[in-house]
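The values are calculated or read from the model by the stated rules, or taken from the named source; none is laboratory data. Note that the structure is a prediction, hence the values are computed from the model and not measured. Every residue, glycine as well, gets a Cβ built from its backbone with ideal geometry; the counts of neighbours run over all protein chains shown. Note: areas computed on protein heavy atoms with side chains; ligands, DNA, RNA excluded. Shrake-Rupley method; radii C 1.70, N 1.55, O 1.52, S 1.80 Å.
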Amino acid sequence: MDSLYVVMPAYNEEANIEDTVKAWYGILEGKSESSRLVIADSGSTDRTHEILMNLQKEYPQLEILENTDRQHGPKVIALYDYAIKNGIDYIFQTDSDGQTDPAEFDKFWKRRSKYDGIFGLRNKRGDGKSRAFVERVVCALLKMYFGVNIPDANAPFRLMKTEIVKKYLYKMKSDYNLPNIMMTTYFVYYHEKYKFIPISFKPRQGGVNSVNIPKIVGIGWKALGDFRELKRGMK
């Protein structure tokens with residue numbers, strides 16, 4: 001029976017985290033006993049951590065990574081590294097803000113034997129036109145730098161074979177801000193077996209997004225230099 005880690009970064013998600021855990025925990029049913037819902041929560045200044053600790057009493061397959069960087073990207077890297085080190089078969093990454101729908105997971109899981117990575121495609125986004133525009137710019141840059149055609153590089157709805165993630169994770173520094181963008185790029189660039197499947201993407205269900213447009217622009221500007229450096233390491 002295949003093992004699965006459903007992994008999520010969290011930061012100041014007290015408005016969403018309980019509903020998110022309850023919604024996604026059922027995905028572990030029918031998977032191996034080593035399967036877990038793993039949430040990286042470090043640096044939250046609200047009640048996120050307290051809520052998670054209380055939820056652990058009710059949900060024994062919930063694990064919390066506390067000693068990670070507070071930023072989203074490094075948390076994702078730490079979660080992937082944790083799955084690799086625990087010998088898990090599959091990693092499914094999503095976010096803890098309630099924008100994704102666990103009802104759509106099964107269509108990914110059913111296809112897992114055919115692909116090394118299955119990535120969500122947000123044809124319609126509930127989080128605003130500005131973020132959709134940023135994604136289009138990112139995909140254009142990836143085509144320019146790496147020669148890859150990717151319709152959605154950063155969707156937080158992705159099922160990947162852990163052995164393939166391991167091939168590429170350590171090409172990035174542990175504090176890299178855009179690991180999902182580069183992970184998607186590696187899958188496509190190196191011709192792994194991959195597929196993009198349309199998913200829904202709701203507006204944030206509560207709280208305030210810690211990554212605003214000015215911050216995205218700053219991260220994106222730094223990403224240009226990162227892309228050049230990472231491209232030099234690709235054959």
Task: Residues of type lysines that K231 reaches as a straight line, Cα spacing below 16 Å, ignoring anything fewer than 8 places off in the same chain - done: K143, K167, K171, K173, K222
Task: Fraction of alpha-carbon pairs over 20 Å apart in the range 64-171 - percent - done: 49
Task: Sequence-distant aspartates and glutamates (8 or more away, or on other chains) whose Cα lies within less than 13 Å of K114 - done: E192
Task: Candidate residues E163, E33, E66, E13: accessible-area rank, largest first, probe 1.4 Å - done: E33, E163, E66, E13
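Give a quick list of trypsin sites (Lys or Arg not before Pro) in the range 118-149 that DSSP marks as loop, anything other than H, G, I, E or B, with at most 14 other Cβ atoms within 10 Å. Before the final figure, lay out the partial values.
Numbers: sites: R122, K124, R125, K129, R131, R136, K143; in loops: R122, K124, R125.
In loop regions of the range 118-149 (DSSP not H, G, I, E or B), the sparsely surrounded trypsin sites (Lys or Arg not before Pro) are K124.
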Task: For the chain, calculated [θ]222 nm from helices alone, where every DSSP H run of n ≥ 4 adds -39500 (n - 2.57) - done: -12500 deg cm²/dmol
- [ ] Can you figure out the FRET efficiency of E29 with N149, using R₀ = 30 Å and their beta-carbon distance, to the nearest 0.05?
- [x] 0.25
Open item on the list: So, for the chain, what is the accessible surface per residue at a probe of 1.4 Å, expressed in square angstrom?
Closed with: 48
Open item on the list: As a test, work out the antiparallel percent of DSSP beta bridges whose residues both lie in the chain, rounded to the nearest 5.
Closed with: 30
- [ ] Whenever you get a sec, compute what percent of the accessible area on the chain sits on carbon and sulfur atoms (1.4 Å probe).
- [x] 50
Open item on the list: Under a Cβ-only charge scheme (Lys and Arg +1, Asp and Glu -1), can you give me the dipole magnitude of the chain about the Cα centre, in debye to the nearest 20?
Closed with: 1320
